[in-house]
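S.K.: Just passing along the structure, written as C-alpha cells.
The values are calculated or read from the model by the stated rules, or taken from the named source; none is laboratory data. Please read these numbers as outputs of a predicted model, since none were measured by experiment. Here the Cβ positions follow ideal geometry from the backbone for every residue, glycine too, while neighbour counts run over all protein chains shown. In case anyone asks, the SASA skips ligands and DNA or RNA and just uses the protein heavy atoms, side chains included. Shrake-Rupley method; radii C 1.70, N 1.55, O 1.52, S 1.80 Å.
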Amino acid sequence: MQPSRAAARVVKRFRCGVLPPAGVVNTVARLAKTCTLRLTADKLYFILSDKVANGGVSVWCELCQGNFFDEFQMEGVAAEHNEIYLELVPENLSRALKTAQNAKTVKIKLTNKHCPCLTVAVELPSLSSSSRIVTHDIPVGVIPRRLWNDFREPGVPDFDVSIYLPVLKTMKSVVERMKNLSNCIVIEANLSGEMNLKIETDLVSVTTHFKDLGNPPWASDDECQSSAQGRDLESMAEARIDIKKLLQLLAGQQVNPTKALCNIVSRRIVHFILLHEDVSLQYFIPALA
Amino acid sequence: PRARVLLRLKPTPSVPGVTKTHNLAFQECERLQAVFSTRQCANSLCAPARVLAEAVVHFPATLSEVTLSAGPGGKISLRNYMEDEKEPGRTMVTELWLAEDEFQEVAVAPGTCITFCLKEFRGLLTFAEASNLPLTIHYDAPGRPAVFTLDDPLLEVHLVLATLSDPESISQSPTANGASELPAPPDDFADDLESYMIAMETSAYEGGSGAPPSPTFPLRTPGPAHSKPEEEEEEEAVPGTPPHKKFRSLFFGSVLTPGGPCLAPTQEVLAEDSDSEY
C-alpha cells in the first residue's frame with residue numbers, strides 16, 4: 001500500500017490558549033534540522049535519534065493526543081501497524097504553530113500536494129464577518145515501515161544515580177552563566193539528594209551545590225538499577241557534558257514540569273526525564289570523553 | 001560635500017536649556033521621475049495598514065518575495081513565493097486568505113496575481129501603520145510595476161515595485177506553489193474547513209505515485225513536467241519595466257505631474273538600486 005494514500009487525517013481543534021505541543025516543537029527545533037514525528041492511534045511522538053549531526057543527543061517526546069485534540073483520526077499503513085512515521089523540519093512546524101497562537105481553530109492534516117505535506121490550517125479572528133485563514137503546507141517525508149525499528153523508544157539506561165532536578169528556572173540561570181566560562185559542564189549527583197554543577201577552566205572553577213533534591217524511587221527490578229543498588233549514598237556519579245546541549249533542554253522549558261529528574265550513568269550518559277501533565281520528554285546527552 | 005544644512009533644535013521640556021545643532025552635509029542629486037501611473041493599473045485594493053501588517057507577520061522575516069492573488073469570492077490571498085526551487089518538496093508553503101470586507105476597497109479581476117518584494121513592502125507597512133494610513137495597492141499584469149500608495153492631506157507616498165514577469169502566472173498561479181486550483185476557503189470556516197481541506201487534498205496533484213517511497217527526505221513523486229516560473233533567459237524588456245528578476249524600487253514623496261509621464265518610456269534602467277541585495 002502506498003504510504004501516501006494510506007496517510008492519515010489528523011484533525012485537531014484547539015479552543016483556547018497556547019498550543020501545548022508548541023513548546024515541545026520549539027525545543028526539538030532548536031536541536032536539529034529534521035526530526036521524526038510518529039503518529040499512533042492515541043499518541044504523538046517527536047523523535048530525534050542520536051546522530052552525529054545532533055552531537056549524539058537523542059530526544060523522545062510523547063504526547064497524549066486526547067489532551068490536546070478535539071478530534072483525532074488516523075489511519076496507518078495497515079491495521080496491525082496503525083502508525084505513521086513522518087520526517088519533517090521541526091522549525092517549519094514551530095513557525096506554523098506560532099501562527100496558531102491566537103487562533104479560533106486549528107486543523108492539522110496530512111495532505112498530498114506537490115509532495116506529502118502536513119497542512120496546518122488556522123482560523124484567525126478578524127474584524128470582518130469571515131475569519132482570516134492561514135494555511136501552512138509543511139513538506140514531510142513518509143518513513144517506510146522497514147525503517148521503523150530505528151525509532152524505537154530508548155530504554156532507561158542502567159544508571160548509577162537517579163535524582164530529581166532543582167527548579168529548572170534556577171538551574172537554567174546557573175547554567176547560562178556557566179556557559180560563558182566553559183564549553184563543558186560536569187553534572188554529579190548522589191543518592192542523598194545532592195547535586196553539583198561544576199565547571200573547571202585554567203583560570204577558574206565554579207561549583208553550584210543543590211541539596212535535598214530527593215531521589216526518585218524506581219521500582220526495584222531485577223533488570224535495572226543494579227548499578228544503583230547497594231551504592232554508597234554519598235558517592236557521586238558524574239558525567240561531563242556539552243553545556244550547550246544542557247542549555248538547549250533548559251531553555252526550551254517554558255512551564256515548570258510536574259516532575260523533572262535525571263539519571264546519570266557515570267562518565268557515559270545523562271538521561272533527563274521531564275513530565276508535564278500532557279507531555280513527557282526524555283533527553284539523552286552523552287558524556288564527553 | 002560642501003553643501004551643508006543646519007538643523008537647530010530648540011530646548012524642549014524634556015531637555016531644558018539645551019539647544020542641539022546638527023550640521024549635516026548633503027549632496028544634491030538629480031530629481032528622479034519614475035515612469036509609472038496608477039491609472040495604468042487595472043486592479044486596486046485598499047486596506048488599513050494594520051490588516052496588511054497582520055497578514056505579513058505569518059511569513060518568515062527572511063522571505064524575499066510574496067505573491068498576491070485575487071481569488072474567487074472576492075478573497076485576496078498572500079502566498080510565499082519560492083524562487084529558483086530546485087526541490088519544491090522542501091519548502092514550506094504558507095498562504096493567507098483575507099476576506100473582501102477586510103478591505104476598504106477592492107477593484108480586482110479574479111484570477112489576477114502579482115509577485116513582489118516582501119521586504120520593501122514590509123518597510124512601507126511599518127511606516128503606514130505608524131501613520132495610521134490606509135494603503136492602496138495598484139497593480140496590473142505580472143511584470144508591470146505595482147504601485148503602493150498612502151494618501152494623507154499632508155503627504156502622498158508612492159512605492160513602486162517591480163513585479164515578477166512570469167508567463168505561467170499570467171494565465172494561472174504558478175504550479176510550483178501547488179496552489180493553482182485551490183478554491184478559496186469558504187466563509188463559514190468552522191465546519192467547512194473540512195470540505196475545504198478535502199478539496200485541497202483532492203485537487204492537489206495525484207498520480208504518478210508509483211515511485212517507491214524513499215526513506216530520505218523528501219518523498220519524491222514524479223510530477224508533471226512543469227517549467228520553473230522564473231526563467232533565466234533574457235526576455236524582451238517591457239518598456240518602463242526594470243530588468244527581469246531584479247527588483248528596483250523608488251520611493252519619493254512628490255506628486256506626479258498631471259498629464260502623465262514626461263519621459264518617453266525607454267529600456268534603460270531608471271534608477272540603480274543602492275541596495276545590491278537583489
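S.K.: Which of the following residues is in contact with a Pro (Cβ under 8 Å, 6 or more places away or on another chain), open to solvent by less than 20 Å² (accessible area, probe 1.4 Å) and under 22 Å from A:Gly56 (Cβ atoms): A:Ser162, A:Ser182?
M.R.: Details: A:Ser182 fails: in contact with a Pro (Cβ under 8 Å, 6 or more places away or on another chain).
That would be A:Ser162, the only listed residue that is in contact with a Pro (Cβ under 8 Å, 6 or more places away or on another chain), open to solvent by less than 20 Å² (accessible area, probe 1.4 Å) and under 22 Å from A:Gly56 (Cβ atoms).
S.K.: Checking the conditions here, which among B:Leu24, B:Leu32 is within 25 Å of B:Gly143 (Cα to Cα), of a type outside the set (Gly, Ala, Ser) and surrounded by fewer than 16 Cβ atoms within 10 Å (Cβ to Cβ)?
M.R.: Values: B:Leu24 fails: within 25 Å of B:Gly143 (Cα to Cα).
After ruling out the rest, the residue left standing is B:Leu32.
Let's see how each residue does on (1) at pLDDT 85 or above; (2) basic (Lys, Arg):
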site: B:Lys119; (1), (2): yes, yes
site: B:Val157; (1), (2): yes, no
site: B:Thr163; (1), (2): yes, no
site: B:Ser180; (1), (2): no, no
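S.K.: Filter the stretch B:1-17 down to the residues that are within 30 Å of B:Cys29 (Cα to Cα) and in a loop (DSSP other than H, G, I, E, B) and list them by number.
M.R.: If the condition is that a residue be within 30 Å of B:Cys29 (Cα to Cα) and in a loop (DSSP other than H, G, I, E, B), then B:Pro1, B:Arg2, B:Ala3, B:Lys10 are the ones that fit.
S.K.: Please go through (1) farther than 20 Å from B:Arg79 by Cβ; (2) open to solvent by 10 Å² or more (accessible area, probe 1.4 Å) for A:Val57 and return the number of the only condition it doesn't satisfy.
M.R.: In the conditions (1) farther than 20 Å from B:Arg79 by Cβ; (2) open to solvent by 10 Å² or more (accessible area, probe 1.4 Å), A:Val57 misses (2) alone.
S.K.: Has the stretch B:103-120 got any residue that is within 11 Å of chain A (Cβ to nearest Cβ) and under 24 Å from B:Ala162 (Cβ atoms)?
M.R.: yes
S.K.: Looking at the structure I just gave you, is B:Leu96 assigned to a loop (DSSP other than H, G, I, E, B), touching a residue at least 24 places away in the same chain (Cβ under 8 Å), at negative phi and within 13 Å of chain A (Cβ to nearest Cβ)?
M.R.: So B:Leu96 does not fit the description; no.
S.K.: For the subset of the stretch A:64-78 comprising residues that are buried (at least 19 other Cβ atoms within 10 Å of the Cβ) and modelled with pLDDT of 70 or more, which member is farthest from A:Asp278 (Cα to Cα)?
M.R.: Among residues in the stretch A:64-78 that are buried (at least 19 other Cβ atoms within 10 Å of the Cβ) and modelled with pLDDT of 70 or more, the one farthest from A:Asp278 (Cα to Cα) is A:Gly76.
S.K.: Among the residues of the stretch A:1-45, write down those that are open to solvent by 20 Å² or more (accessible area, probe 1.4 Å), of a type in the set (S, T, N, Q) and modelled with pLDDT under 80.
M.R.: Scanning the stretch A:1-45 gives A:Gln2, A:Ser4.
S.K.: Open to solvent by 30 Å² or more (accessible area, probe 1.4 Å) and among the β-branched types (Val, Ile, Thr) - does that describe any residue in the stretch B:69-85?
M.R.: Going through the stretch B:69-85, the residues open to solvent by 30 Å² or more (accessible area, probe 1.4 Å) turn out to be B:72-73, B:83-85.
Among the residues that remain, those that are also among the β-branched types (Val, Ile, Thr) are: none.
Taking every residue of the stretch B:69-85 in turn, none turns out to be open to solvent by 30 Å² or more (accessible area, probe 1.4 Å) and among the β-branched types (Val, Ile, Thr).
S.K.: Now for a different question. Quick check on the stretch B:41-52. Is at least one of its residues open to solvent by 30 Å² or more (accessible area, probe 1.4 Å), of a type in the set (A, V, I, L, M, F, W, C) and more than 11 Å from chain A (Cβ to nearest Cβ)? Give the derivation first.
M.R.: Looking only at the stretch B:41-52, we keep the residues that are open to solvent by 30 Å² or more (accessible area, probe 1.4 Å), and these are B:42, B:48, B:50.
This time we only want the ones that are of a type in the set (A, V, I, L, M, F, W, C), so: B:42.
The next check asks that each one be more than 11 Å from chain A (Cβ to nearest Cβ); those that pass are B:42.
For the stretch B:41-52, residues open to solvent by 30 Å² or more (accessible area, probe 1.4 Å), of a type in the set (A, V, I, L, M, F, W, C) and more than 11 Å from chain A (Cβ to nearest Cβ): present.
S.K.: Quick one: is A:Arg267 in a loop (DSSP other than H, G, I, E, B), among the charged types (D, E, K, R) and under 20 Å from A:Thr207 (Cα atoms)?
M.R.: Numbers: in a loop (DSSP other than H, G, I, E, B): yes; among the charged types (D, E, K, R): yes; under 20 Å from A:Thr207 (Cα atoms): yes.
Taking the combined requirement at face value, the residue satisfies it.
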